[in-house]
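Nothing in this text is a laboratory measurement; each read-out follows from the coordinates by a stated rule. Since the structure is predicted, the reported quantities are computational estimates derived from the model, not experimental observations. A quick note on method: Cβ atoms are made from the backbone with ideal geometry, for glycine too, and the neighbour counts reach across all protein chains shown.
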Amino acid sequence: MSHQTTERRVNYLGIFIFLAILTLVETLASYLQQTTIKFPVLIALSVIKAVLVLLYFMHLKFDSRIFGYLFIAGCLLSIPLILVMIFVMPIIADY
Amino acid sequence: MSETTSIIPVPQSENTKFGMWVFLGGEVVFFVSLILIFLLTRIVNPNYEIEFRSLLSIPVIAGNTFILLTSSYFVVRALEAIGIGNHKGMRNNLIVVIALGFLFLAGQMVEWATLFRDGVNYSSTFGMPFFTVTGIHGTHVFIGVLWAIYALVGDRRLPYTKENHMGIENFGLYWHFVDIVWIVLFTLIYLI
């Protein structure tokens, strides 16, 4: 991996500044009263930030794809948990 | 030329990175389950906004988020530095990461202390899932800080090189993952 970090020129400062701007936008957007706009915007900004960190700071964009698959596997394994929550939620709410 | 000579050898050190990604994949499941507990509590209790969210200080936590993002940038700088054999650069950047890690934890302690004062505790409806998920994340940050200190101390004993600095890279993967978890928590707990 050592060769990869030296040969590739990535503007990490630019990515960091962009992430900081997105954080500021997120924070300001959280004060919006219209939840129909606020929720999707905040989720989208959060996903963009996480993907940027994964791709550039964690080098998934340049590394072997198998590392990315391992991370995606973790996300896929979480789906049953989410489904359980969806099914359990009405029961708990009634209780 | 025989067939075996044409195979590009995979450096053994890459195995540790593979192991790190397997670990992070497991961590995804772990944190998703914790976040779901928080969301479940929040969804089934309609008083979330009045009883809990109104007590959270968004500007303070936004500052903490910025601190963690900044620390991630310095981790990348440390990795870049050792990638060109710049030992001093790597060490200085790691020291900044450690300082920012402690600063983040201090910010979290202030937030927790404020919530305790406002009557939110481990046994309250929203306190239990909140302190569990943010506490476990904070523990991860603390472990990351210890790891960075270990990397600094280890570098004195057996210095990382331009060719072999997998220890720093694996630490970086862990730290960035903890950053990603916070990005998600910041949105789901504090902003929405």
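For B:VAL97, A:VAL41, which order do you get if you count the other beta carbons within 10 Å of each Cβ and list the fewest first?
Details: B:VAL97 28, A:VAL41 17.
Arranged by neighbour count, lowest to highest, B:VAL97, A:VAL41 become A:VAL41, B:VAL97.
Helix A:65-94: angle to the longest alpha-carbon principal axis of chain A, degrees 0 to 90, nearest 10?
With rounding to tens, the tilt is 10 degrees.
Please give, to one decimal in nm, the separation of the simple spin-label points placed at B:GLU163 and B:VAL110, each 7 Å out from Cα toward the Cβ.
4.7
Among B:HIS176, B:SER54, B:ILE149, which residue has its Cα furthest toward the positive end of the charge dipole of chain B, with +1 on Lys/Arg Cβ and -1 on Asp/Glu Cβ?
B:ILE149
Can you compute the charge dipole magnitude of chain B about its Cα centre, using +1 on each Lys and Arg Cβ and -1 on each Asp and Glu Cβ, nothing else charged? Give it in debye, rounded to the nearest 20. Kindly include the intermediate steps, with their values, before the conclusion.
Details: 10 positive and 12 negative charges, 86 e Å.
In total the dipole reaches around 420 debye.
Residue by residue through B:159-168, how many Cβ atoms from other chains fall within 10 Å of the Cβ on average?
Details: counts 0, 1, 1, 4, 2, 2, 3, 2, 0, 3.
Partner-chain Cβ atoms within 10 Å, mean over residues of B:159-168: 2.
Sorted from largest down, what three extents in whole angstroms do the Cα atoms of chain B have along their principal axes?
Principal extents (Cα only, largest first): 72, 38, 23 Å.
For the range B:61-112, list log₁₀ I(q)/I(0) at each q in 0.14, 0.24 Å⁻¹, using the Debye formula over Cα point scatterers of equal strength and ignoring solvent, two decimals each.
Here log10 of I(q) over I(0) equals -0.38, -0.78.
Mind listing the phi-derived Karplus ³J(HN,Hα) values for the range B:97-114, rounded to whole Hz, using 6.51, -1.76 and 1.60 with θ = phi - 60°, and x for any glycine or proline?
Result, ordered by residue: 4, 4, 4, 5, x, 5, 5, 4, 5, 5, x, 5, 5, 4, 4, 4, 4, 5 Hz.
Peptides A:20-29, B:61-70: what's the order by average Cβ count within 10 Å, highest mean first?
Working: A:20-29: 16.1, B:61-70: 20.5.
The peptides rank, most packed first, as B:61-70, A:20-29.
Quick check on chain A: what does the Kirkwood estimate of hydrodynamic radius come out to from the alpha carbon pairs, in Å?
Working: mean 1/r = 0.0610 Å⁻¹.
Taking every pair of different Cα atoms in chain A, averaging 1/r and inverting gives 16.4 Å.
Restricted to Cα positions, what overall size does the protein assembly as shown have along the principal axes? Three whole-Å values, descending.
That gives 72, 41, 33 Å along the principal axes, largest extent first.
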